[in-house]
1. Considering only protein heavy atoms, what per residue accessible area in square angstrom results for the chain with a 1.4 angstrom probe?
2. Karplus couplings for region 14-29 from phi (6.51 cos²θ - 1.76 cosθ + 1.60, θ = phi - 60°), rounded to Hz, Gly and Pro as x?
3. Ordered by residue, what ³J(HN,Hα) values in Hz, to whole numbers, does region 56-65 give under the Karplus form 6.51 cos²θ - 1.76 cosθ + 1.60, where θ = phi - 60° and Gly and Pro are x?
4. If amide H atoms are built 1.01 Å from N in the plane of the peptide, which residues on other chains or at least 5 residues away come under 5 Å of the amide H of L63?
5. What is the gain in length, in nm to one decimal, between S33 and L3 on full extension, counting 0.36 nm per residue of separation less the C-alpha to C-alpha distance?
6. Calculate, axis by axis, the spread of Cα positions in the chain along the three principal axes, and write the results as whole Å, longest axis first.
7. With a cap of 15 neighbouring Cβ atoms within 10 Å, and only residues DSSP puts in a loop, list the chymotrypsin sites (Phe, Trp or Tyr not before Pro) found in region 1-83.
8. Find the relative contact order for the chain and round it to a whole percent, using C-alpha pairs within less than 8 Å whose residues are 6+ positions apart.
Amino acid sequence: MDLKILVVLLFIGLVISLTSSLIFLLKDIESPSKRGLYALGIRISLAVLLMGTIFYGLYTGKLGSGAPWDTKFTKEQIKQQTQQQLDQQNKKQ
């Protein structure tokens, strides 16, 4: 199974568990039922699995960030960028 699909499924399960816990909390105000506590345990387990899956994906390189501010420059790219900036400054002068 693709790692991204697993992350999405775990996140959806986390939201469902959170919603069910809220419903149990509102319904079982005066009863000694432990449904809310069990839902909390499931939510914590799903959150730990989700974080572990994300860390595994980042560590192995199967997941990554595509944000423009999170680019990883190689030394060659940095040299080229610096040279371009110097060339632009020289043209202005």
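1. Details: 8030 Å² over 93 residues.
I get 86 Å² per residue for the chain.
2. 5, 5, 5, 5, 5, 5, 5, 5, 5, 5, 4, 5, 6, 6, 9, 5
3. After applying 6.51 cos²θ - 1.76 cosθ + 1.60, I find 4, x, 5, 5, 7, x, 6, 10, x, 9 Hz.
4. Here L58 satisfy the definition.
5. Working: separation 30, 0.36 × 30 = 10.80 nm, distance 3.62 nm.
Extra length available between S33 and L3 comes to 7.2 nm.
6. The Cα atoms of the chain stretch 79, 30, 15 Å along their principal axes.
7. Values: sites: F11, F24, Y38, F55, Y56, Y59, W69, F73; in loops: F73.
Listed in order of number, the matching sites are F73.
8. Values: 41 pairs, mean separation 28.4, N = 93.
This gives 31 percent for the chain.
The values are calculated or read from the model by the stated rules, or taken from the named source; none is laboratory data. In this text, all values refer to a predicted model and were calculated from it rather than measured experimentally. Please note: Cβ atoms are built from the backbone with ideal geometry, for glycine as well, and neighbour counts cover all protein chains shown. These area figures cover heavy atoms from the full protein model, side chains too; ligands, DNA and RNA do not enter into them. Shrake-Rupley method; radii C 1.70, N 1.55, O 1.52, S 1.80 Å.
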